[in-house]
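Take a look at the structure set out below.
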Amino acid sequence: MPLLPIDLQTMFAHMNQVGREQAVQRQISPEAQALQAQNMVKRTEERDNSVNEANEVSEGVEQLKEEEEREARRKSPEDRRKPESHPDKKDFFKDPDLGRHIDISG
């Protein structure tokens, strides 16, 4: 679609308005970022200066250790003396030649 001279006249008349709108759009972005940065700094300072409520500890290593201690107390003295065999422990195959021969050809 070709541009006619009448179209150009209309476009030139609105060129100042378009330029102003683009300048405003460019300024909004840095101002919005600066505002968000200020809010983030305020929230961080409030968090640093305030006393925070302690969260309950979820089941973790401490909880598991306590359970193991309870189980150990429940066992009879005879069971405590016996070494535990772990069925999860697997003997892995070890290559007898591994680490004994050095290949210097190259």
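The values are calculated or read from the model by the stated rules, or taken from the named source; none is laboratory data. Fair warning: this is a prediction, and the values are worked out from it, not measured in the lab. FYI the Cβ positions are ideal-geometry reconstructions off the backbone, even for glycines, and counts take in every protein chain you see.
The figures follow:
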{"quantity": "Hey, residue 63 in a helix (DSSP H, G or I), modelled with pLDDT of 80 or more and not hydroxyl-bearing (Ser, Thr, Tyr) or not", "calculated": "no"}
{"quantity": "Residues that are of a type in the set (S, T, N, Q) and either touching a helix residue (DSSP H, G or I) at 6+ places or on another chain (Cβ under 9 Å) or at pLDDT below 85 (or both), drawn from segment 2-32", "calculated": "9, 10, 25, 27, 29"}
